[in-house]
Every structure is written in C-alpha cells, then in structure tokens.
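Peer 1: Take this structure, written in structure tokens, and hold onto it; I'll ask about it next.
The values are calculated or read from the model by the stated rules, or taken from the named source; none is laboratory data. Just so it is clear, the model here is predicted, and its values are computed rather than measured. Don't worry about glycine lacking a Cβ; one is built from the backbone with ideal geometry, like all the others, and counts go over all protein chains shown. To get the accessible areas, we keep the full protein, side chains included, count just its heavy atoms, and leave off ligands, DNA and RNA. Shrake-Rupley method; radii C 1.70, N 1.55, O 1.52, S 1.80 Å.
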There are 2 protein chains.
Amino acid sequence: MDLLDEPVPGVGTYEDFNTIDWVREKSKDRDHHREIATKSKESALALMKSISDAFSGWLLMLLVGLMSGALAGGIDISAHWMTDLKEGVCLNGFWFNHEHCCWNSNETTFQERDKCPNWKSWAELIVGTNEGPFAYIMNYLMYVCWALLFSFLAVSLVRAFAPYACGSGIPEIKTILSGFIIRGYLGKWTLIIKTITLVLAVSSGLSLGKEGPLVHVACCCGNILCHLFTKYRRNEAKRREVLSAAAAVGVSVAFGAPIGGVLFSLEEVSYYFPLKTLWRSFFAALVAAFTLRSINPFGNSRLVLFYVEFHSPWHLLELIPFVLLGIFGGIWGTTRLGHYPVLEVLVVTAVTALLAFPNSYTCMSTSELISELFNDCGLLDSSQLCNYANVSVTKSSSDALPDRPAGQDVYTAMWQLSLALVFKMLITVVTFGMKVPSGLFIPSMAVGAIAGRLLGVGMEQLAYYHHDWVIFRGWCSPGADCITPGLYAMVGATACLGGVTRMTVSLVVIMFELTGGLEYIVPLMAATMTSKWVADALGREGIYEAHIRLNGYPFLEPKEEFSHKTLAMDVMRPRRSDPPLSVIMQDGMSVEEVESLIAETSYSGFPVVVSHESQRLVGFVQRRDLVISIENARQHQEGVVSASRIFFTEYTPPQPPNSPPPLKLRGIMDLSPFTVTDHTAMDIVVDIFRKLGLRQCLVTHNGRLLGIITKKDILKHMAQMANRDPDSILFN
Amino acid sequence: MDLLDEPVPGVGTYEDFNTIDWVREKSKDRDHHREIATKSKESALALMKSISDAFSGWLLMLLVGLMSGALAGGIDISAHWMTDLKEGVCLNGFWFNHEHCCWNSNETTFQERDKCPNWKSWAELIVGTNEGPFAYIMNYLMYVCWALLFSFLAVSLVRAFAPYACGSGIPEIKTILSGFIIRGYLGKWTLIIKTITLVLAVSSGLSLGKEGPLVHVACCCGNILCHLFTKYRRNEAKRREVLSAAAAVGVSVAFGAPIGGVLFSLEEVSYYFPLKTLWRSFFAALVAAFTLRSINPFGNSRLVLFYVEFHSPWHLLELIPFVLLGIFGGIWGTTRLGHYPVLEVLVVTAVTALLAFPNSYTCMSTSELISELFNDCGLLDSSQLCNYANVSVTKSSSDALPDRPAGQDVYTAMWQLSLALVFKMLITVVTFGMKVPSGLFIPSMAVGAIAGRLLGVGMEQLAYYHHDWVIFRGWCSPGADCITPGLYAMVGATACLGGVTRMTVSLVVIMFELTGGLEYIVPLMAATMTSKWVADALGREGIYEAHIRLNGYPFLEPKEEFSHKTLAMDVMRPRRSDPPLSVIMQDGMSVEEVESLIAETSYSGFPVVVSHESQRLVGFVQRRDLVISIENARQHQEGVVSASRIFFTEYTPPQPPNSPPPLKLRGIMDLSPFTVTDHTAMDIVVDIFRKLGLRQCLVTHNGRLLGIITKKDILKHMAQMANRDPDSILFN
C-alpha cells in the first residue's frame, strides 16, 4: 500500500494512545511474506530464511509457553512460601514452606502434617509454646505484621516503578488487542514489578487472585519475546496475534486448562483471532501447562489448580438449587466491584488480616479454601467439613459414600463459612480496584464456592432427614449417596465467576477440564446460563467492559449489537453547522499552506481530493506521515521551502522556471481509503469498523466527498445513543 | 436498507445457485430486532412476543439437539442390527442384534458371547451346523448377498429420490454456510433418504463411515426446524447460524464429543460464527450428546464412540514413532481420494464383501475394529490381539500390565492386520465418491489405527527383547509397562484423519474427549501437526476444499491467504477491451430501455449513476429485484407502460402532461453499495469480501465509477493466479 521511493523513518508508525490501522498492518505483513517468498526461489540462503520465517511463529509460541509456565511456577512457589511465612518458619531452612518442611521430616504421617516438629509457629519460636492466649495473640500479631509488610512492599513497588502493574490488566489487554497502543503496558518493567508485587499481594492475604494478573504477565512475556523476531517486532497486527495466544497461555497456567484458555482468549479477550492463531495458541497453552507441571508447584503432579473427582451422578431435580446458585452468581456479578476503591491499601490489609485470622476458612489462602470446598468427602478425610457421623457404612466402597448426618464439626464449619461468606463479599468489593496487582477470579469463585457448599450441605442434610419427602423419593433412599456438596460448591463458584466476567463457553470448558467429567457439564452450564441472564438483565456490562468504559478507552465491543436506526450522515463530521471538512488538494497546495492546515487542525489525517469544487476523493494521508515527510524534505531535500508545491498526483506537471522544486508525496498517501455513502445505516458502518479494524472511513454522496467518520466518532455516537456522556471517550 | 413503500413479494430473495448478501441479511435481522424492541414497550402481548423471539433461538437449538440425537441413536441401532444380520439372526426375535440377543439368554457368560444358543448363523439356520467348509461357504454367500442387497437398496433410493443425499455432504455444507444457496440440499427428502441409505450403506460393509453424513443429517434437521420460526425461516444469515450449530451437533453425536464438535464447526465448516453462535452450538451439542446417551446405542452408557483408558505414561523418545505415524497420515491425506469413483456400486460391494469376509479384522464393522485397536490389553482380554504369553505377572495390579512377549495369536493378528491395512487403503480410495452416503472419518481412522497398532506392537516387542538397548534403557526395564500399542493406534488414527481433513485443534480436542487424559494430548498434537505439515507440503488442499473446487462452487476459502500483488483494477470488469459497464441512470430511463438492458445482459445487478457523463455512483440495484418490480408495476400499477420513466431519485420531477405516470424504484435500490478504489490491493479486497460476505463491490477512480468486482470475478482471478482454469468456477 505504502510504496515509498525512499522510506522515511517513522512513516507508518503510531503514536502512543492511538489506534492502529489493521488493514494497513495486515497488508504490510502480506507484502513482507510476498517478498520472502519471491526471494526464496533465488538462493539457498534466502530459502533458509523463508523457512526460518515460517517457523518463527512456532518458535515464539514455544518460548512464550516456556517463559510463562516458568514464571507461573515461580509465582506459585513464592506465594505459597510467603503465605506460610505469615504463620511460622521452617527450622530446616527458612526457604521451605510448611508442607515442604514437613515432607522432609520423616516422623510425621500425612494426617498429622500440622504437627511436624521442624515447622515452628512464630509463638513457638519466640516464646517456646503454641498454647495459651498469649501465644495466640503473638501469632495473630505476627500474621498481621507480615501481611502489612507484604502489602506495603507491593504498593510501594507498583507506585515507584510500574504504575501499569496494578489491577488485573485484562481490560487494558482487551483494548490493546483491539488495536489501541499503550506503550510500556506490556514492557519489561511492568513484567518484573507485576510478578514480584503479585506474589506480595497474594501472600499478604488480601482478597484477590492471581489469575487475571497471570494473563497480564503472560502477555508481557509475549510482547517482550516479540522483539526477538523482526516479523513480530515491526508489525502491530502480527504482534497482537501473539498477544492473543499469550492470553490463552495465561489462563492455561492459572487453571491448568489449556483448551479453556484458548476459548477464553477467543471468547473474552481477543479481537482479531484467525484460525492460525487458534492452533498456535493451543500449542503455546499446552507448552505452558506442561512447563508448569514439570515445576510442580502444587506438589501433586496435577496439572490443574482444583482437581476434583466426584463419584455420584446428579439428579434432574438438583437443577433447581443449581439455578438458584446461578441467580446468586448473577446478582453477585452486578455488584459494583471496584467502584469504591479504598486508596489506603495498608488499612484494608490490616482490616483483612485482623478479621481473617480468627476464622480458619478466611485464614487459609483462598485457593486452598476453594480446593477444600470443592472436595468430595472421602472416608479418610479428617477435615472439619467432612466430620460426619459414621453410620453403617456397610459397603466397602471407598468411592461412593452414602449421605450421612452431619457431625458437630460440620455445624461449626457451617457457621464459620457463613461468616466467611459475608466477610469475603464485603472485603472483595473494597479490595478490587486498589493499586496492586489483583484478580477477580479467585475471590469470586470463593464467594460462590462458600455459598454453594452451604446450600449443598443443607440439601444433603435435608435429604438425609427427610428422605421420604416426595422430591427425594426414588433417588435419596437411606444409604444412597445422592447429594455431593462439593459439586454444589463448584456450581456456585462457576455461577459467581460467570456473573462477574460473563464468560460462557470458556468458563464451562475450564471447569470441565478441572473435573474431567462430561456429565457435570450440564449443572455447570445451567448455572452459567442463569447467572449470565440474571446479570445481563440487572445491568448490561461485565466487569471488563465496565472498566474499559470507566477508563474511556476506545474499544468497540464486538459482542454488543448496534441497534439504532441512524445513518452515516448523522454521525459523520463536519456536522451541519461546522466549518467544511479540511481537505488537501492533490496538486497545487504549497508546503506553507499544508503546514498551516496541520497547525490549525488537530485531525489525525486529511482526505486528498481532485479539487475543492468537484470534491472527488483521491486518497487519504495521515497527519503523522505528512508532518514527518515535510520535516524530512525540508532537512534533506535540496530546495524545498515554504513556497514549494506539494503533489499527490502520479506525474508532476512541469514547473515554471525559478520556482522551487516540487515535493512529491504520493508515496505516503493511502490510495485505497474506505468509503461509505451517507445513506449507509450505522449498524453496517459499525460492522465494517469492527470486522476490518478501521481507524476512519470517508463518507460520500453521489461520488462527492462529504465527511469522515472515525472510530472515536462511532464510540461517541454509541455513548450518546445509550444516554451516556459522549466525552467519556478519551483517546484517539 | 431496503425500505419499500409497499413490499413486492420476492424482492430481497435469492435464486437457486446464487450467493446471498450477508450485509443485507444481517441488516434485515437488525431491523426485525429493532421493530420488536420498539413494539415491546407498547403492550404486554408485544412484550411476550419479544421475549419469545429472544428465546426462540434457544428453543430451536434444543429441538435440533433432540432431533439429531434421536436420529443418530436410531441410525446406530439400525446399522448395528443390520450389520449383524449379514452374519445370522436371533431366534428370540429377528429384531435383536447379536449382542442384544445374547444378553437376553442367561446361559452365557460375557466371555462366550459368541456362542449363545439363540443366535444362529445363517449356516446353522439352514443346514443346522456351523462346522465344515460347506457351512463356511454358506455363511460367506449369505454375507455377500446381504451386502449386495443393502448397497443395491441404498444406491437405488439415492438415485430415485434424493440425489443430494450421496457423499458426506460436508463440502456442500461449507459452501452453503459461506452464503451459497442450494435448494433442497438440506430438505426433508434429503434427510429421510440420507438417514435410510446411510444405515444401508454402513451395514453393507462398504469402506465408509457415518460421521460426515451425520453432520449432513444434523444440518437437515436444523434447516427443517428453522421453518418453525419466522425469524429463522425468513433470514438466510440467521439460518446459517443455526446450520453452524447443527454441524457442531453432527460431530457431537458422531463421536460423543460436544466441545470437539463446536470447535470442528468453528474451525472447519463455518464461515460466519459470532460468539452467540458458539454458546448456542455448545448447548445444542450437549443436548444431542445426552439424547444419544439416553438412547444408549452402544449399550455401555458411554457418551463416546471409542472410550479408552490408558494407564501408563508415554516417554519422550516415543515421539519419534508418533512423528513417523504423522508422516504416514500426511501421505495418506494426499491420496487422491474420490478421484476414481467407481460407478458400479454393486461391483465394489461384492469385491469388498468377498475380500472382507475371510479376514476377521475386515469382516467386523469398522468402528468395532477401531475400538479393538485402541484398546489397551487388560489381563482378562481374550481377543486375539491381547494373547500375550503370561510371564510373571507378580504385582496384583489389574491396571498396569508389564510388557510381555507376543503369543502366536498376536503374530497371526499382525499378519491379518497387515492384509487388512492394504485392503482398507485400496478399497477406501475406490469407495469414496460413490453415489451413496459416505464419510471418510472412520475409514481414514481405521487405516491409521491399523498402521499405528502394527507399529506399536512392533515397538513393544522390540522393547521387550532388547530392553538393554540405549534407547530403551531407563524406561523399559523388564517388567515395566512402557509401551501401549493402543496409544499408537490412536495416534495413527488421529494422524490419518488429520491428513485427510487438515483439522487441527478440533481433531485434538475430539480425541482428548475420547480419552479424557490431558497427558496424551502431546502425542496426538505431534502427530496432527506432522501430518498437516507433510500433507500441506505434498499437496495444498484438504479433501473438502478439493471437492469444493472439483464441483466449482463459489467458495472463498477463509484460511488461504491471497498472496499476489494485483490491484482491484486488474480484476474488475469491464476489462480494457470490453464494452463499457452497463449502468442505469437515476432519472430519465424508460421502462423499455431498462428492460432491453436486462434482456441484453446477464449481470445479476446494475449500478445506478447520476449521469453517463459524470459516472457518479448513486446506488446498486439487483437484477432480480428490478425484474420483479417492473413486472409487478406493469400488472398492478395503473398506467405503467414501456414509455414510463423510471426514477431512482428521492423526488420525482414534475412530468410533462400526457406522459405516462413515472415508476419510482428508489425503494429497491441499495443506497450503500460497497466501493473500493481502483488502486486497492486485491489482498485487501479479498479480505473485505471474506469478512463482510459481499456479493459484489464497485470500483471507483477519483470518485468516478469505473467497474465492478463480483465474488465470482475474485474466484476466477484466484484460479488464474494459481494456474488453474478460471472457468472451473461455475455458479454465481
């Protein structure tokens, strides 16, 4: 498209906080391809180059997978160790976490891992005992102090070195993938600081998760590794293909769900996702998952974060509680998360730590909590939640246990869980939006899992004591294992996560990869669908869309239909009362005239026309390219002065003698600008912008140039139609 | 877009073998939506209508899933019964198949199911014994006769009632989904005849599978059920969304792999696949899978066709044989299947039956064969393939068996499998393309599975006898279960299927759903990638693309990049030597003039311009709409005669007295035709056509109309650039 005789550096690049032109970038990539393909027939070296070019994409994917997997493993291990550090320290070496410390001591059995001699709580270490109120307060204090230290470090590092490292990063990544440029958002400093502060923030016990930030970390890896390959460094569209794959990698390492990750990238994050990227994302996601597994941070050689195995099928009637959980998730999804960000991170940390420590379910890390809630109680489980009265387990089946009455511990656990639910809900609303790396996946899942488990145990006890009720008859006879509270927890977690993010297929697939059982897809799907419908009915947007809108990013939502009956002429500029469109004539304008046009206006580009009278469109020239080219000509091209004439025509007419040499700029003009007629319905225009990734489009009437529509005009128009402030769209 | 004052029936519809205009269809749907949304605020009834409209999509999906699942179950059961009918009959009732017949008789144990007294082979029934050469010949003859009868019936039914029912149907469905219209291809007759003949063809023992045709059957269901809902009946774009989901349903019921089915539809079949369709497809695929399971045609309450469970992990070195299988699959994928269709179906059936009967691996149904090849030999397996010498099974692990030396039976099986491999390869090449419903998935998988099992057993014996070799040291010590021949069979099947269809992610996900083990994804992926690369290097196209090209369908491949440096002006018509473009002036042309223009040309539409001199574009009018409107006006509008003037302008100028009343046709004109400049690179034009689903695009130069590019022009140009005959593109 741009065929420069002598390419001027900078022409064809973009400024910060601007939108890329997808058509031009993809065209550039095809040019590059064509060139390599032509050359490859000439020599063996060029053929080698062509082959290495073809495989560079795969190599890049491999590297992204390896690097992200390794980083995720490091984050997991560090966070685990630092979370345990809040409770105590290992005498064998301070770098061991609780579990690791007790593995090494042979004296303990697995059941008594809490009581291994080498692991000392802070009270034991300082005052020599773990008993009594004084030791308790000691541990309590140390817990709060560590939490404060971690969160202080996290917030200071983010503020000092990489302000882009805060939050989950997914709204910004969505915007970047749609073609926006935010320099440094995926840079090396963001990567380093986000990795470190993520560990600190998670370890501090704040109610936040590492899943969203892991997507950001993986995208940083992808972006940084792009610099190794010219093809990806130079082309903004190709780089976004890599970032789409990296987003898949992020979810893959967060949950150990490579297929779910790819679908997440496709459904939730990506904008331009060709099939080639699908295949490569899948590869990268797998590499990352296996890298993570070989690091084995969870110590169980499982790929997935929450591995569960359920033994009993579900009954059709159970769909009613599942739908109820879906409704709960939908309501949770409309909670205005992040609208009340408390800026004093330390206060929130202190409150969180103070309230969390006394309750064993909030004291443990959120992932552990979810893991425990998902768990189906086996015979050997010694946890509080599984302390059922052991009645008449006649069959020697270690797999399926019949429903049993709850023991005292279970009732205690129920109370603690109820308190934990209230605490988690309140603290998550306050925490999200703080200036530390924070994800929403895990806190949302925790809220849902607690609610689900509560409902599940309730149902179980109801079925046990009232198995003669009509609804339980036939499938809940005494001794039957008819209700699995762990499944309820899982359904609840799915519903809440779905309500917040509005994911659908990818969410179900992620959960399917966690359980591996196709039969539990139906409950998960019912809950996901209900929660999405409820959340959509109560308030249209998911959390990411809401944040994109709050930040005023120019993001053209691909899922939302434009449903108003306006025409291109209603949206285009200039409006009826405005001065006419600023255009450049293809021949005859002087450098001075063009420069004053540039100075007077702030448009990012100008249409080039045959003449002011005919308004016949010739092409379109970018402001940045024009500025750079004129500046360059003034400096390097002999004789170019303010009086020189600028020509966009193919042939320059002979100049009168003594006139300064002309400036030929056809090379920087886009000869194929997109046009629509003024009568084109706006829904079609929006469709074209979305599908082709345009920055601007010219409007004609009967072959005459009439106006211009930019992406920002469209977003403003959409905001106006939705009764929002059109000036909330901030960037170009 | 089309705002008719009084809509003329037929305006806005399409003729057979024509391409739809996606932009217009989607715009129509948005109009419909808008209308319902506006009305819904007026009355409770309209609100109800609006809600039912919103849920009609889900209801339709439910129905498609139920109907397809039920049909697939019926096909499975019938095919099973009729395949067994070739061997014998059940005395309890002729409608029982072999397995079912022997279930009912309590006298037999599972191991001896072949010898249950109620099941009589034809020899037993007729001459009273199953021993001796005479009985063998008797059975042989009956087997061939039944096969001939089935295939004769199949071919006659297809020829007599539904010629569209032959083949797999996937190439045509791809073409239809891309916007082409083939009336009757998805009609009720095709559905009925395809269902019946599919059972007949599969039962006749021909080397064909039911998976591809099941996709066609599901799409027929989708298309027929669309007629129940106005929204889908009237809109070609909406209907294609349903068909995309139906394609997912087809694969879901074929393999019991709903996620794989959705990805298959996305990756392989669909053209326009919005995210809403993804979610609905998933729902439909699940419903279908569960419907099929509740019918339980395989009698094992498994969702999947080939359920496998492997117990031992694979070793990194095994990637070498897996890649070898991938290469084999790639080569198999370039076999020119269907290029030698033998028209005499009965001859092929006879040859197939005659050659297949003596070899137990070709005599059984192909799905059973694949099932047996995938199977990991347990201790209790009594099949020939699992007859290993039982050496020192010390551990009481019923799961993992160590590698053992092969028994005599295994060697016999190897010989038979080698013969079966040659036979299957030859007969599949001949069979595919015959005029019966035939799929390629199962025969291809069988070829790959046989090759894989052969290699796997070879590797296993090599490792057993030479466990001291360097490559086996460390992981294949005696007594270790290091090589799983079933996994090799699975990898081989994946490779061959991948080579033929060039599926990637969807194939791996389908196979993953069959095994359920994430760790086997890497071998499957290695084989898929190798086979795709090898096949692409040897010959570019997959089987579906090849068939689309052979049939001359106007299909714009979304995966293939257009890589030539031509411009729009090189492709547009009229060419330099042609007569000028036929245009209609917006005012002043008489009915007679327009009618003669229509009669003289065969273009599907005409641009409307301001005047011949200025060539300023106003709009575009479809030939069909123009013909219908003029005809309608001549019949119903008083005074419209040949001399009447046709106006496309907004306001009709006052007519001189005594002149016939003018004909106002602005309503049928598309006021927003797509235009590109003559300097637009063809790769961009192709991209626009693909992404927006255009039928035609007008070409301008400096605001003047210059020419037109249709989808057919692009396809012809692409054929020309690839040194193929441009006249091979047949339809509009």
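Peer 1: Return yes or no: is residue A:720 over 26 Å from residue A:624 (Cα atoms) and either touching a residue at least 60 places away in the same chain (Cβ under 8 Å) or more than 9 Å from every other protein chain (Cβ to nearest Cβ) (or both)?
Peer 2: Numbers: over 26 Å from residue A:624 (Cα atoms): yes; either touching a residue at least 60 places away in the same chain (Cβ under 8 Å) or more than 9 Å from every other protein chain (Cβ to nearest Cβ) (or both): yes.
So residue A:720 fits the description; yes.
Peer 1: Looking at A:638, A:613 in this structure, which one is over 41 Å from the mean Cα position of the chain (by Cα), under 23 Å from residue B:706 (Cβ atoms), more than 9 Å from every other protein chain (Cβ to nearest Cβ) and open to solvent by 10 Å² or more (accessible area, probe 1.4 Å)?
Peer 2: On the way: A:638 fails: under 23 Å from residue B:706 (Cβ atoms).
Only one candidate passes the filter, namely A:613.
Peer 1: Within the bounds of region B:618-639, is there any residue that is under 18 Å from residue A:702 (Cα atoms), free of Cβ contacts under 8 Å to residues at least 12 places away in the same chain and among the charged types (D, E, K, R)? Talk me through it step by step, then tell me what you get.
Peer 2: Let us first name the residues in region B:618-639 that are under 18 Å from residue A:702 (Cα atoms), namely B:618-621.
From the residues that got through so far, the ones that are free of Cβ contacts under 8 Å to residues at least 12 places away in the same chain too are none.
There is no residue in region B:618-639 that is under 18 Å from residue A:702 (Cα atoms), free of Cβ contacts under 8 Å to residues at least 12 places away in the same chain and among the charged types (D, E, K, R).
Peer 1: Right, another one. Would you mention how many residues in region A:651-687 are open to solvent by 40 Å² or more (accessible area, probe 1.4 Å) and hydroxyl-bearing (Ser, Thr, Tyr)?
Peer 2: 3
Peer 1: Follow-up question, since we're still on this one. List pairs: first residue in region A:416-430 and in contact (Cβ under 8 Å) with a residue 24 or more places away in the chain, second residue open to solvent by 30 Å² or more (accessible area, probe 1.4 Å) and basic (Lys, Arg) anywhere in the structure, Cβ distance under 9 angstrom, at least six positions apart or on different chains.
Peer 2: These pairs meet every condition: A:429/A:336.
Peer 1: Sticking with this one: Which of the following residues is modelled with pLDDT of 65 or more, buried (at least 16 other Cβ atoms within 10 Å of the Cβ) and within 22 Å of residue B:448 (Cα to Cα): B:383, B:367?
Peer 2: From the options B:383, B:367, the qualifying one is B:367.
Peer 1: Hey, could you check region B:258-267 for residues that are more than 9 Å from chain A (Cβ to nearest Cβ) and farther than 22 Å from residue B:26 by Cβ and say which is surrounded by the fewest Cβ atoms within 10 Å (Cβ to Cβ)? Talk me through it step by step, then tell me what you get.
Peer 2: Step one: of region B:258-267, the residues more than 9 Å from chain A (Cβ to nearest Cβ) are B:260-261, B:264-265.
Then drop every residue that is not farther than 22 Å from residue B:26 by Cβ, which leaves B:260-261, B:264.
Numbers: B:260: 27, B:261: 33, B:264: 30.
Within region B:258-267, the match that is surrounded by the fewest Cβ atoms within 10 Å (Cβ to Cβ) is B:260.
Peer 1: Out of the residues in region A:496-516 that are among the polar types (S, T, N, Q) and more than 7 Å from chain B (Cβ to nearest Cβ), state the one that is most open to solvent (accessible area, probe 1.4 Å). Steps first, answer last, please.
Peer 2: Residues of region A:496-516 that are among the polar types (S, T, N, Q), as a first pass: A:501, A:504, A:506, A:515.
Checking the rest, the ones that are also more than 7 Å from chain B (Cβ to nearest Cβ) come to A:501, A:506, A:515.
On the way: A:501: 2, A:506: 0, A:515: 21 Å².
So the residue we want is A:515.
Peer 1: Now for a different question. Mind counting the residues in region B:194-210 that are part of a helix (DSSP H, G or I) and surrounded by 24 or more Cβ atoms within 10 Å (Cβ to Cβ)?
Peer 2: 8
Peer 1: Quick one: would you say residue A:254 is under 14 Å from the mean Cα position of the chain (by Cα), more than 14 Å from chain B (Cβ to nearest Cβ) and either under 17 Å from residue A:507 (Cβ atoms) or at pLDDT 90 or above (or both)?
Peer 2: When the stated conditions are applied, residue A:254 passes them.
Peer 1: Which residues, counting only those in region A:670-701, are under 14 Å from residue A:21 (Cβ atoms) and more than 10 Å from chain B (Cβ to nearest Cβ)?
Peer 2: Selection gives A:689, A:694, A:695, A:696, A:697, A:698.
Peer 1: Residues of region B:459-475 being under 25 Å from residue B:372 (Cβ atoms) and open to solvent by less than 40 Å² (accessible area, probe 1.4 Å), which ones?
Peer 2: B:459, B:460, B:461, B:463
Peer 1: Further question on the same structure: Could you figure out which of (1) at pLDDT 75 or above; (2) not in a helix (DSSP H, G or I) isn't true of residue B:350?
Peer 2: (2)
Peer 1: Please go through region B:532-570 and give me each residue that is within 13 Å of chain A (Cβ to nearest Cβ), over 30 Å from residue A:672 (Cβ atoms) and open to solvent by less than 10 Å² (accessible area, probe 1.4 Å), ordered by number.
Peer 2: B:542
Peer 1: Further question: Given the condition at pLDDT below 85, under 29 Å from residue B:80 (Cβ atoms) and open to solvent by less than 60 Å² (accessible area, probe 1.4 Å), answer yes or no: does some residue in region B:309-331 qualify?
Peer 2: Scanning region B:309-331, I find at least one residue that is at pLDDT below 85, under 29 Å from residue B:80 (Cβ atoms) and open to solvent by less than 60 Å² (accessible area, probe 1.4 Å), so the answer is yes.
Peer 1: Can residue A:714 be described as open to solvent by less than 10 Å² (accessible area, probe 1.4 Å) and either in the same structural domain as residue A:586 (by TED's automatic domain parsing) or within 30 Å of residue B:619 (Cβ to Cβ) (or both)?
Peer 2: So residue A:714 passes the test.
Peer 1: Going by the conditions given, is residue B:600 under 43 Å from the mean Cα position of the chain (by Cα) and within 17 Å of residue B:647 (Cα to Cα)?
Peer 2: When the stated conditions are applied, residue B:600 does not pass them.
Peer 1: Among the residues of region A:673-717, count how many are without any contact (Cβ under 8 Å) to a residue 12 or more places away in the chain and of a type in the set (Val, Ile, Thr).
Peer 2: So the answer is 1.
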